[in-house]
Each structure stands twice: as structure tokens, then as C-alpha cells.
Amino acid sequence: MDAISFIALSAFGVLLPIFWPRWRLRRVLARPLPPAALDILRRKVPVVGRLAPGLQTQLHRLIVQFLHQKKFIGCAGLEVSDEMAVTIAAQACLLLLNRPSKVYPALHTILLYPGEFVARRDQVGPGGVVTPGRSSMLGESWDDGRVVLAWDAVQRGTADWSDGQNVVLHEFAHQLDSESGRANGAPYLGSPDSYRNWSEVLQRDYQHLRFHAMHRQRTVMDHYGATNPAEFFAVATETFFEKPWQMAEHHAELFAEFAKYYRVDPRQWQAQPPPPPAEELPAAPHGHAAGW
């Protein structure tokens, strides 16, 4: 083999791993979402049909890319079907509409259990003593490129798009949160000014939720969001997409921050619910705690 041929072959070997995935993705994205997948969306994720036509087209393309790039693995004997994959992909991609970010670039695998699964949770006690523990889970987002979901919880989340309970939105919000380096309730926002506004509003509403959770008062957002800032962001994401009218009324500045971040207004996808009794939701407590 002469020197020129060797150089050309070596260059081809170097460039192929770079350009081959891009070429394959372009080919995949050139094809529309199959009719079978559209039927799954109509039956399992009906909120998609209420999106504006332009958003639906955008979402279909995101779903195609998600299904092409991510691997689904069934656990505990579960066989993953197209219906399961499309249902999960559609909800995960709702979080990406109108946003320039890639399709969860750090994520490569979705582990799917038929129902509640058990995860190891070590507890660190006084003196650094580690005590092994186990917790029952419906979903989990890992920083090593994996999301774990319980299929029955996924189905409950899609069956009621107005209760603020959606395990797919929750766990994929954690994935977005992690894009800034770690899951801490402050995803990548793009500018220092954005972080200042975000920190002020989210810290205040987080402290309000902690206060109401401590006193067992009913709130728009689930009390699980009072666990820590990362869980607050994930729970607020569920609320933003599933209870947007209530969030806009009772947490106007928080809703505005999430509307800027997600670049959509989910109120356009559902009718305004009737107002609750005046005493149903408590007023925000006075005071403000600094730091986020």
C-alpha cells in the first residue's frame, strides 16, 4: 500500500465515527413519524393533539430522534413495546419544544419496570457510618445516562393530564437540571441575569412550599417538591405542564420563569378549570429566605 492510500484510509477511519452517526440521523429525521406511532400518540398521549400544528410537527421530529438515539430495556420480565417507547418519548420531548438544546445528549438508556421497583439507598449517619438501605421507587434519574421508570406509573401519568403527577415529566426534568453540571434546581439558563431572577423566585416559592408541607396545608404543587431544590424543580415542571392555570394563578412569577425556560404556555393545551373554593389553597407565608 502506497503512502497516499494509507493516509486516505487512515483519514477515512478517523472521520467515519464522526460523520456516520450524523448521516444516519439525517436519514432518520427525513422520514415522518409512522402512522402506528401517530395512533399511539392519539390514544395514549392525547394532549399532543391539542398542540398547535407547528408544535406537533416539531414534537414528531423530536420523538423520531429520541427513539433513534435512546435504548429501551425492559426489566423484571417486562418486554418493551412500541407503545411504551412512543408514550415515554412523547412526554420527554414535550420538555424540549421551542428550545435549542439537543435531545438529552447525556442520556442513552431508559430502564423500564412493570411497576414499583426497589433501589439501593445508603444512609450516612454520624461519624460517616454508612447503613445500607432500600427504597421503593416509581422513577429515578441517574447522572450516568440512565432513567428508570415504572410503566404502571407512566400510564397513570398519561391517563390524567391535570393532576400534576407525571413520572416521565418529573424524571426528565431531572435530566435537564443535570445539564448545568449537577441536579440542583438550576438548569442551564444561558445568562447571569437569568440565574439571578430564577434563584430569587424559585427560592421564595420553595420556602413557601416547605412551610405549607410542614403544616400539612394543601397546595398547587405536590409536597414532595419541598424535599430539596432539585425535587422542587422537577415537581414544579409537572405542575407547569399539567396544572398551568392553577400555577399561573397561585405562583405567577414562578410560572413566568418556567414559561421563559420551557418556551411554551401549556394553558393553550387545556381549558381553564373551575376555581376551587376560596379556602382550599393557603396564602403564601410572609418572609423570604436567601440562597438557592
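No lab work stands behind these numbers, since they all come straight from the coordinates. All values reported here derive from a predicted model rather than from experimental measurement. Neighbour counts are summed over all protein chains in view; Cβ atoms, including those assigned to glycine, are modelled from backbone coordinates with ideal geometry.
A protection proxy built from the mean count of other Cβ atoms within 10 Å ranks the segments 46-56, 65-75, most packed first, as 65-75, 46-56. With the simple model of a label 7 Å out from the Cα in the direction of the Cβ, R99 to Q268 spans 1.7 nm. Given their separation in residues at 0.36 nm each and the Cα-Cα distance between them, M214 and R31 gain 60.7 nm when the chain is fully extended. Within the same chain, lysines fewer than 8 places from K71 are excluded, and of the rest, those with a Cα less than 28 Å from its Cα are K44, K102. Counting only Cβ charges, +1 for Lys and Arg and -1 for Asp and Glu, the dipole size of region 153-265 around its Cα centre is about 240 debye.
Each label was represented as a point 7 Å from its Cα along the Cα-to-Cβ direction; for V118 and R43 these points are 3.4 nm apart. For the listed peptides 265-273, 243-251, 194-202, a ranking on the average number of other beta carbons within 10 Å per residue, highest first, reads 243-251, 194-202, 265-273. Taking 20 Å as the straight-line reach from the Cα of K243, the aspartates and glutamates in range (excluding those fewer than 8 positions away in the same chain) are D160, D163, E171, D205, D222, E231, E253, E257, D265, E279, E280. Working from label points 7 Å from Cα in the Cα-to-Cβ sense, the N228 to R156 distance is 2.4 nm. Near A52: Cβ cut-off under 15 Å, other residues only, Lys/Arg at +1 and Asp/Glu at -1. The net charge is +3.
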